[in-house]
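The values are calculated or read from the model by the stated rules, or taken from the named source; none is laboratory data. Quantities reported herein were computed from a predicted structural model and do not represent experimental measurements. All Cβ positions, glycine included, derive from the backbone under ideal geometry; neighbour counts span all protein chains shown. Remember, those area values only see protein heavy atoms, side chains included, never the ligands or the DNA or RNA. Shrake-Rupley method; radii C 1.70, N 1.55, O 1.52, S 1.80 Å.
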Amino acid sequence: MDSPILLLLALLVALVQCFPDDYHSHNSTRHHDYCVLGAGPAGLQMGHFLSKSQRDYIILERNSGPGSFFNIYPRHRKLISINKIYTGRRNREFNLRHDWNSLLSDRPDLLLQRVSRELYPDADSFPRYLSMYVKELGLKVQYGVDIGKIRASESESPRGRGYILTDQHGLDYTCRVLLVSTGLWDPQKVQFEGSDLVEGYESIPVDPEEYKDQAVLILGKGNSAFETAQSILGRASRIHLYSPSPVRLAWQTHYVGDLRAVNNELLDTYQLKSLDGLVEGGLEDIAIVRNGEDEKKRSGRKKKCRSSGKEKRGKLFLTLAELLDSSDGKNSSKVTATNLPVYHNDNFSLRQPYDRVIRCLGFRFNFSIFDGSARPPSSEGARGRLPGVTAWYEGRGTPDLFVLGTAAHSRDYRSSAGGFIHGFRYTVRAVHRVLELRYHNNSWPAIKLSISQLQSWLLRRVNEASGPYQMFGVLGDIILLRGSHCEYLEEFPLQALPQFSSLSGHQLSKHGLLVLVLQYGLNRTDSLGPGRAESEWTRAWRSNFLHPVLYYYDKLPTKRDMRHRPVGWPLPRPKAVHHMIEDFLTEWDGPISHSQPLRRFLEHCLHTDLRAFYAESCFRFSLTNRKPPLFCRQGYLRKHGVVRNSQLWQHAHEAGLMLGGQDSASPDTDPAFPDYLTRAGASVSSAINLDF
């Protein structure tokens with residue numbers, strides 16, 4: 001009995017030895033169509049869309065829960081993203097204009113307000129919200145996976161080359177498409193002499209008492225710098241902020257990444273001359289040193305400080321590197337009076353010593369985990385802190401690798417909200433639509449509208465839609481004109497317009513297209529001064545605040561057109577352009593100022609009468625005109641506008657007033673009219689009676 005068993009074991013051993021050498025490594029590899037790297041808000045947002053479309057995906061997160069960045073930052077635990085709960089409106093899409101933290105989903109109650117009711121929530125509430133988001137949507141997240149190396153697959157398949165991700169245990173994950181949503185968490189540093197004496201924003205103590213009666217120099221003038229300054233304002237004796245650029249206020253630049261009012265109390269103490277201040281100067285040319293006297297005193301007290309368990313800090317001076325005797329960066333004990341700027345200029349702004357110097361220069365993308373085959377290039381803007389991506393957020397030179405969220409902000413750095421949750425939740429959705437066409441042959445979602453309904457749909461979008469409102473100048477609605485009807489595509493990346501057909505799956509017709517964009521004006525004015533806004537609709541093109549703009553093209557712009565567009569324009573010069581006058585309430589529904597000019601512009605582009613009429617007027621036109629207005633042909637004569645009056649309909653039909661064939665079809669049988677338009681009623685396309 002033993003002999004057959006031994007023989008069987010011998011055969012099994014031989015069989016195992018016959019497997020290729022890479023069998024075990026191959027067997028430990030996990031494959032998915034989509035790998036999402038990072039379970040922050042961008043990664044989870046993409047996870048929702050992939051889950052909804054039933055794709056094979058996995059979200060890999062190195063920490064034990066989602067949104068781990070927010071467990072640490074902001075250091076002083078107050079978000080500056082708006083969580084406005086009460087808007088006076090029940091429209092969910094409109095309310096997202098004023099909810100800067102919630103992610104998109106099909107659940108109307110899956111919002112941050114379930115966790116926090118504060119206008120500026122505590123930072124700890126955001127990871128709790130993300131955990132709730134993951135749980136309620138059932139997203140596939142694998143925690144504790146620290147990816148240390150990413151490389152492109154060496155063997156290309158018909159489906160693409162793919163990527164290999166290796167974690168801390170040597171386990172490989174392979175994927176057809178890599179979606180990088182790691183955010184920015186590597187502190188931005190500048191090397192200069194004495195930079196080792198500088199504390200980082202990521203590690204400073206957050207207890208204000210630690211700064212009691214101390215003079216503090218902060219390198220940087222962004223929100224992290226002002227957040228830090230504001231937290232110690234009541235304890236520090238003196239706070240100075242130093243950076244190359246003057247402070248930029250978000251309410252002046254319309255860029256939410258600039259200094260927010262919630263953090264700018266130091267501006268008061270500066271301008272009212274209460275010891276604090278702002279100074280401009282280069283960072284690469286400075287040096288932070290301790291003078292010799294302080295160093296000797298510090299060394300003489302060394303034993304005493306050690307016995308007390310607390311070392312007293314020496315005084316730090318800001319000087320210029322060119323004034324130092326040597327350039328080894330370790331000359332703090334050799335500093336003399338001649339090495340300090342005050343010796344050469346007794347009115348030097350930063351001549352007084354400091355107890356602390358703190359670096360608050362923001363964060364950069366971590367390129368180190370990518371090898372040469374998978375590494376996206378550094379961006380041309382944003383001082384190279386971000387990866388360079390295409391207009392559809394695919395890494396330049398790294399096909400099938402897409403960058404999501406804050407890391408993709410190079411496309412709209414300092415010009416829109418793509419680096420923030422309320423902006424990138426929409427760019428992530430745009431990327432998912434690109435993926436659906438490229439890998440699954442599903443075209444960009446489009447709504448088919450009758451031309452007579454176009455104006456009402458445009459007015460609805462400019463008054464409700466959150467995507468173009470938040471991603472102004474970056475995402476826009478595309479209207480493909482098809483004669484008597486049009487196709488409406490929402491939130492397409494404007495800079496990708498030359499590649500529209502290949503990214504959307506829709507073709508342009510000879511009738512051209514319209515592009516709806518929300519944008520700020522180019523006229524730089526005092527944001528709080530008189531004359532800061534236009535109110536006369538005939539001067540709408542001079543609007544300064546956020547307002548809708550329609551561009552009409554008879555053909556798609558080319559790449560060259562995009563490169564040579566006018567400075568500050570999101571798009572090249574069109575055949576025709578229409579600005580809707582800015583509105584104090586951001587409600588573009590005025591019959592004279594908004595609706596009528598919009599209708600006239602559409603009529604000019606479409607060569608069609610788009611006036612709306614009451615049923616009685618259409619009845620009269622049908623009796624007296626061989627070709628009634630378009631609204632009557634597509635509305636009244638198809639039973640729109642004749643409200644539940646079958647006798648009148650029968651009478652008109654018998655009298656030969658109804659056109660034959662397809663034109664006589666009821667809205668229930670005409671696929672060109674979606675149900676929601678029928679219910680909404682075409683008469684809303686004009687806010688006033690323009691029957692003349």
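Tally up the residues in region 448-502 that are in a loop (DSSP other than H, G, I, E, B), over 16 Å from LEU518 (Cβ atoms) and not small (Gly, Ala, Ser), please.
Counting residues in region 448-502 that are in a loop (DSSP other than H, G, I, E, B), over 16 Å from LEU518 (Cβ atoms) and not small (Gly, Ala, Ser) gives 1.
Could you please find all residues in region 398-449 being open to solvent by less than 10 Å² (accessible area, probe 1.4 Å) and in contact with a Cys (Cβ under 8 Å, 6 or more places away or on another chain)?
LEU449
Filter region 102-117 for residues that are among the polar types (S, T, N, Q) and assigned to a loop (DSSP other than H, G, I, E, B); which is nearest to the chain's Cα centre (by Cα)?
The initial filter retains those residues of region 102-117 that are among the polar types (S, T, N, Q), namely 102, 105, 113, 116.
Now drop any that are not assigned to a loop (DSSP other than H, G, I, E, B), which leaves 102, 105, 116.
On the way: SER102: 13, SER105: 17, SER116: 22 Å.
Applying the filter and picking the extreme gives SER102.
Among TYR120, TYR133, TYR163, which is crowded, with 20+ Cβ neighbours inside 10 Å and either within 30 Å of LEU340 (Cβ to Cβ) or under 20 Å from the mean Cα position of the chain (by Cα) (or both)?
TYR133
Check ARG290, ARG238, ARG298 and return the single one that is at pLDDT 95 or above, of a type in the set (D, E, K, R) and either open to solvent by 30 Å² or more (accessible area, probe 1.4 Å) or under 24 Å from LEU79 (Cβ atoms) (or both).
Selected residue: ARG238, the only one of ARG290, ARG238, ARG298 that is at pLDDT 95 or above, of a type in the set (D, E, K, R) and either open to solvent by 30 Å² or more (accessible area, probe 1.4 Å) or under 24 Å from LEU79 (Cβ atoms) (or both).
Of the residues PHE70, PHE94, which single one is of a type outside the set (A, V, I, L, M) and closer than 20 Å to SER181 by Cβ?
PHE70
Within region 575-688, which helices (runs of 4 or more DSSP H) (wholly inside it) include 1 or more residues that are surrounded by fewer than 12 Cβ atoms within 10 Å (Cβ to Cβ) and at pLDDT below 80?
In region 575-688, 646-654, 675-680 are the helices (runs of 4 or more DSSP H) which contain 1 or more residues that are surrounded by fewer than 12 Cβ atoms within 10 Å (Cβ to Cβ) and at pLDDT below 80.
So, in region 535-564, of the ones that are of a type in the set (Ser, Thr, Tyr) and outside any loop (DSSP other than H, G, I, E, B), which residue ends up surrounded by the fewest Cβ atoms within 10 Å (Cβ to Cβ)?
Among those that are of a type in the set (Ser, Thr, Tyr) and outside any loop (DSSP other than H, G, I, E, B), it is THR538.
Do we find a residue being at pLDDT below 95, open to solvent by 30 Å² or more (accessible area, probe 1.4 Å), assigned to a helix (DSSP H, G or I) and farther than 23 Å from GLY148 by Cβ anywhere in region 47-55?
No: zero hits.
For region 479-529, what are the residues that are hydrophobic (A, V, I, L, M, F, W, C) and at pLDDT below 95?
Just the residues of region 479-529 that are hydrophobic (A, V, I, L, M, F, W, C), to begin with: 479-481, 486, 489, 492, 494, 496-497, 500, 503, 508, 513-518, 522, 528.
Those that are hydrophobic (A, V, I, L, M, F, W, C) and at pLDDT below 95: LEU522, LEU528.
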